[in-house]
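These notes are about the structure you will find just below.
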Amino acid sequence: MGNNMLSALFLRLLLVLSALVAFAAAQSWTDCNPTNTSGCPPDMGLTNSPYSVDFTKGTTDWASWTSVGAGSVTYTSQGAVLTLAKKGDAPTISTNWYIFFGRVEVHMRAAPGTGIVSSVVLGSDDGDEIDWELIGGNNDQVQTNYFGKGNVTLYNRGGKSAVHDVQGTTHNYTIDWQIDQLTWYVDGKAVRTLKKEDAVGGLNYPQTPTKLRIGSWAGGDPDNAPGTIAWAGGVTDYTKGPFTMYVEKVSVTNEYPAARYSYGDMSGSWDSIVLKKWKDDNDDGNQSKEDIVDTCSAVKEDGSAGVASATNSSSSSQSSASPYLSSAMGTRDGHVRCLLSVGLALFPLVLYFAL
């Protein structure tokens, strides 16, 4: 009897693990992980924050969005219409830019269908991830999840919340992502909060710049791992499709806007992220406007040069992020040295235009 129980528990563990590994593999974001490889290209940031788009008006906003998955994506009065019609389809729209903490609101209706998963995902180049997941076989529930650096060895990250008629009614699914706390909201009501220290002391807390992806995929595809199929609610029967989700509106606030983000080292920590405030193609080693801003934002509290941080002191989370902002601002002495260096760097430009 004891051996049978152990065997059952072991099988269950294998099913869960296969589901997590398969899902993590499905959420690949980049070919260059900055925590494993040096020289990864910088990420383009969202500078015009807050940003919003109303897909019900037929707005496609190609400058901000790209269709990245197989399947049909059209734009009608019902919004962005993402249709999964056959095996291999995974209709998905992705932002072309990244955000560095902030708030994301997605007004949408999930796709129906056994094994069909509708998702809203913030994902980074180094495996940080924040998820909404809606299972097509359950019209009254939404799931939340997160990953830090792609770590799938922990099984307490997921959460479930009751939400009525997720397929027939438009709901506002919001992620409020701050340096010290992450909160998921449905229609303005908080359904889950994760504190940074509760994610393995912050090690598994999502904290690097992320893209936004919205789409659906067949977790119940017969070729998927058994654990994935079980998690998705069963095997998908494509003859009962097509399966369609609708995205009406998206609003995004980038807490620390920048033209580009890059990783100052391989730690994957938020305070290693370098913010470039202006777009500039001058990457030949000459000092540019970007370099000057980075010099100022890199002054540590002790006045020494360090990895660049954000400088948006008007952030709504200023009180909770004071260590971060103080690192960005530095001490008075550090600022004096920084401003002197900026003045010396800009002096030739001022003299040129004056003459």
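The values are calculated or read from the model by the stated rules, or taken from the named source; none is laboratory data. None of these values were measured; they are calculated from a predicted model. Please note: Cβ atoms are built from the backbone with ideal geometry, for glycine as well, and neighbour counts cover all protein chains shown. Please note that ligands, DNA and RNA were not included when accessible areas were found on the heavy atoms of the full protein model with its side chains. Shrake-Rupley method; radii C 1.70, N 1.55, O 1.52, S 1.80 Å.
Some points to look at:
- Evaluated at q = 0.23 Å⁻¹, a Debye calculation over the C-alpha positions of region 116-194 (equal weights, vacuum) places log10 I(q)/I(0) at -1.15.
- By the Cα gyration tensor, region 23-179 has an equivalent ellipsoid whose semi-axes, rounded to whole angstrom, run 25, 20, 16 from largest to smallest.
- Farthest toward the positive end of the dipole of region 103-195, out of S161, G115, Y185, is the Cα of S161, where the dipole comes from beta carbon charges about the Cα centre.
- The residues E133, E197, sorted by heavy-atom accessible surface at 1.4 Å with ligands and nucleic acids left out, run E197, E133 from largest to smallest.
- Each residue was assigned an accessible area with a 1.4 Å probe, and for R103 the value is about 80 Å².
- Figure note: W278, W65 ranked by solvent-accessible area, largest first, 1.4 Å probe, ligands and nucleic acids not counted: W278, W65.
- Rounded FRET efficiency, nearest 0.05, which uses the C-beta distance separating K195 from N156 and R0 of 22 Å: 0.95
- Sequence of M44, M108 from largest to smallest accessible area, 1.4 Å probe: M44, M108
- P(r) tail fraction, region 177-220 - alpha-carbon pairs more than 15 Å apart, %: 58
- T47 accessible area, 1.4 Å probe, all protein chains in place, Å² to nearest 10: 80
- Entries in K86/K277; K149/K240; K149/K249; K196/K240 that, when Cα-Cα distance is taken, lie over 32 Å: K86/K277; K149/K240; K196/K240
- Solvent-accessible area of R109 with every protein chain in place, 1.4 Å probe, in Å² to the nearest 10: 40
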